[in-house]
Amino acid sequence: MAYPAGFKYTKDHEWIELAGDRGRVGITDYAQQQLGDVVYVDLPEVGARLKQGQSFGTIESVKAVSELYSPVSGEVVDVNGALKDKPETVNKDPHASWMIAIKLTNPGEAGALLDATQYQDLIK
Amino acid sequence: MEQATEAPLKKTPLNARHRASGAKMVPFGGWDMPVEYSGLSNEHTAVRTRAGLFDVSHMGEIEIAGKDALAAVQRISCNDAAKLAVGQAQYSGLLTRQGTFVDDLLVYRLAPAHFLLVVNAGNISKDYAWIADEIKPAGDAVAVDASSRYALLALQGPEALNVLQPLTGIDLAGIKYYWFAHGEVANVRATVSRTGYTGEDGFEIFVPPQSADKIWLALLESGKAAEVIPCGLGARDTLRLEAGMRLHGNDIDETTTAVEADLNWIVGWKKDDFNGAAALREQKASGVKRKIAGFEMLERGIGRHGYDVYVGDVKSGVVTSGTQTPFLKKAIGMAYLPTGHTAPGSEFDVDIRGHRTRARVVPMPFYKRAR
């Protein structure tokens with residue numbers, strides 16, 4: 001699966017798609033492959049304030065539970081409620097399955113994240 | 001679950017095949033094993049609806065032979081091996097004096113005075129040392145760790161018989177559940193046992209290590225039309241849990257007795273004496289404080305191994321196994337609960353990472369195949 005060139009990536013295998021001072025966050029194709037069949041995605045409430053690298057929720061597959069880490073600091077402005085009923089979409093289409101939308105408090109942080117080429121080198 | 005130690009991981013004769021086939025490999029009980037081939041749910045479903053092929057060569061094989069072999073097995077194994085005819089197998093436990101599990105195992109009677117014990121991978125050296133010591137008073141019997149002489153393949157699922165039959169002269173339909181026969185599979189000498197750890201019909205096939213790859217490929221080729229696929233330890237675990245089968249190291253160990261684990265049926269109560277007999281008889285007569293029970297989650301979440309169980313506000317037990325089952329599509333598990341609280345329908349809470357989550361006791365097995 002292609003890693004969109006317009007996304008930024010973390011070493012913890014999250015992606016963020018930025019638009020101005022906002023971004024949508026999900027997990028990468030590599031991450032969903034490692035997790036296997038996703039059965040639950042637990043997400044925060046709108047309004048939650050996150051620091052870069054802070055856990056914003058958990059994702060649970062048949063095999064294991066993993067934390068989800070925020071790529072940037074900011075406030076949660078939207079949550080993808082559809083994942084509650086259809087968590088398997090994270091496996092089917094990980095780069096379209098955004099989990100939270102975040103309003104960045106420190107947009108400079110995003111600059112230090114990996115680009116698609118760097119991320120694909122990381123998971124080689 | 002047994003974790004890998006510092007020592008280099010051991011490899012089964014099929015290791016190169018797993019790696020070449022792109023299986024996801026993990027350390028398990030000191031072995032480098034495939035956890036997943038095409039995906040856990042896919043593999044699980046294949047076994048329930050068609051058939052799946054597992055490499056379980058990491059399992060240990062300990063043989064006990066000699067004039068007093070039966071007496072030796074009777075001492076160390078809690079089930080009644082005298083009930084076994086030659087060609088028959090039984091599930092059993094190696095118990096401490098306290099009636100707790102050193103390991104669980106299958107006991108095969110190869111000949112009147114020759115037994116094969118199949119034990120868990122992570123316990124082979126511990127079991128062997130323990131067995132060799134414990135059988136000394138039994139007389140003329142020796143134990144040999146024969147693990148390196150066997151590769152073990154498990155072909156499991158409703159299509160298993162149809163897939164295996166063209167490769168062997170053994171009349172598979174003539175082998176009853178928990179019986180075995182010697183013969184050839186793909187022109188290689190093999191022992192075929194109608195046993196498994198999935199809750200499905202199927203066979204476990206003991207073969208010489210040098211022929212394991214040949215037979216593995218022959219089985220997949222024969223199973224092509226039925227869409228038989230290779231499966232990993234991940235599916236093996238979810239399948240056995242749906243079938244209500246205990247996993248040593250999770251559901252049973254040296255702190256839990258056969259009575260607490262609700263495995264009275266594998267105890268040879270009428271035998272004269274065996275390891276743990278006195279302790280188990282005492283527990284059977286006066287009862288135990290806790291017992292294992294199957295449960296399903298009533299609220300969203302999966303109660304997993306090690307999570308605490310609460311009855312009301314009181315911490316009352318622990319989850320020993322738990323998963324979301326790919327076939328039944330619900331969260332199930334096993335837990336030790338206070339004895340008064342193990343009746344089906346009883347409700348309790350599992351502490352899932354800080355959230356008290358409702359669960360209900362249900363009868364095991366969770367899944368039972370149609371016969």
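The values are calculated or read from the model by the stated rules, or taken from the named source; none is laboratory data. Keep in mind that this is a model prediction, so the values were computed, not measured. Positions of Cβ are generated from backbone atoms using ideal geometry, with glycine treated the same way; all protein chains shown enter the neighbour counts.
For the structure I just gave you, tell me whether A:Tyr69 is under 30 Å from B:Met25 (Cα atoms), more than 14 Å from every other protein chain (Cβ to nearest Cβ), aromatic (Phe, Trp, Tyr) and without any contact (Cβ under 8 Å) to a residue 60 or more places away in the chain.
In short, yes.
Assigned to a loop (DSSP other than H, G, I, E, B), acidic (Asp, Glu), surrounded by fewer than 20 Cβ atoms within 10 Å (Cβ to Cβ) and out of contact with any helix residue (DSSP H, G or I) (no Cβ under 9 Å at 6 or more places or on another chain): does that describe B:Glu254? Explain how you work it out, then say what you get.
On the way: assigned to a loop (DSSP other than H, G, I, E, B): yes; acidic (Asp, Glu): yes; surrounded by fewer than 20 Cβ atoms within 10 Å (Cβ to Cβ): yes; out of contact with any helix residue (DSSP H, G or I) (no Cβ under 9 Å at 6 or more places or on another chain): yes.
Yes.
Looking at B:His355, is it farther than 24 Å from B:Arg236 by Cα, within 14 Å of another protein chain (Cβ to nearest Cβ) and not aromatic (Phe, Trp, Tyr)?
So B:His355 fits the description; yes.
So which strands (runs of 3 or more DSSP E) are wholly in the stretch B:1-97 and hold at least 1 residues that are within 14 Å of chain A (Cβ to nearest Cβ), surrounded by 16 or more Cβ atoms within 10 Å (Cβ to Cβ) and among the acidic types (Asp, Glu)?
Once the strands (runs of 3 or more DSSP E) in the stretch B:1-97 are filtered for at least 1 residues that are within 14 Å of chain A (Cβ to nearest Cβ), surrounded by 16 or more Cβ atoms within 10 Å (Cβ to Cβ) and among the acidic types (Asp, Glu), what remains is B:31-36.
All but one of (1) closer than 21 Å to B:Met245 by Cα; (2) surrounded by fewer than 20 Cβ atoms within 10 Å (Cβ to Cβ); (3) not charged (D, E, K, R) hold for B:Met297; state the number of the condition that does not hold.
All conditions are met except number (2).
So which of A:Ala82, A:Ala48, A:Ala2 is surrounded by fewer than 22 Cβ atoms within 10 Å (Cβ to Cβ), away from chain B (no Cβ under 13 Å) and modelled with pLDDT under 95? Quick ask: steps written out before the conclusion?
Working: A:Ala82 fails: modelled with pLDDT under 95; A:Ala48 fails: modelled with pLDDT under 95.
Step by step, each of A:Ala82, A:Ala48, A:Ala2 is checked, and only A:Ala2 is surrounded by fewer than 22 Cβ atoms within 10 Å (Cβ to Cβ), away from chain B (no Cβ under 13 Å) and modelled with pLDDT under 95.
Return yes when A:Lys63 is more than 14 Å from chain B (Cβ to nearest Cβ), within 25 Å of A:Leu122 (Cα to Cα) and free of Cβ contacts under 8 Å to residues at least 40 places away in the same chain and no when it is not.
Considered against the rule, which asks whether it is more than 14 Å from chain B (Cβ to nearest Cβ), within 25 Å of A:Leu122 (Cα to Cα) and free of Cβ contacts under 8 Å to residues at least 40 places away in the same chain, A:Lys63 comes out as no.
How many residues are touching a residue at least 60 places away in the same chain (Cβ under 8 Å) and surrounded by 22 or more Cβ atoms within 10 Å (Cβ to Cβ) if we restrict to the stretch B:154-174?
Of the residues in the stretch B:154-174, 7 are touching a residue at least 60 places away in the same chain (Cβ under 8 Å) and surrounded by 22 or more Cβ atoms within 10 Å (Cβ to Cβ).
So, in the stretch A:58-74, exactly how many residues are within 19 Å of A:Gln32 (Cα to Cα) and crowded, with 18+ Cβ neighbours inside 10 Å? Write out each step before concluding.
Applying the first criterion (within 19 Å of A:Gln32 (Cα to Cα)) to the stretch A:58-74 yields A:58-71.
Checking the rest, the ones that are also crowded, with 18+ Cβ neighbours inside 10 Å come to A:59-63, A:66, A:68-71.
Residues meeting the conditions: 10.
Run A:Asp42 past the list (1) more than 14 Å from every other protein chain (Cβ to nearest Cβ); (2) free of Cβ contacts under 8 Å to residues at least 40 places away in the same chain and report the number of the one that doesn't hold.
For A:Asp42, the failing item is (1).
Name the residue, out of B:Gly345, B:Gly340, that is modelled with pLDDT under 95, over 19 Å from A:Ala64 (Cα atoms) and surrounded by fewer than 18 Cβ atoms within 10 Å (Cβ to Cβ).
Only one candidate passes the filter, namely B:Gly340.
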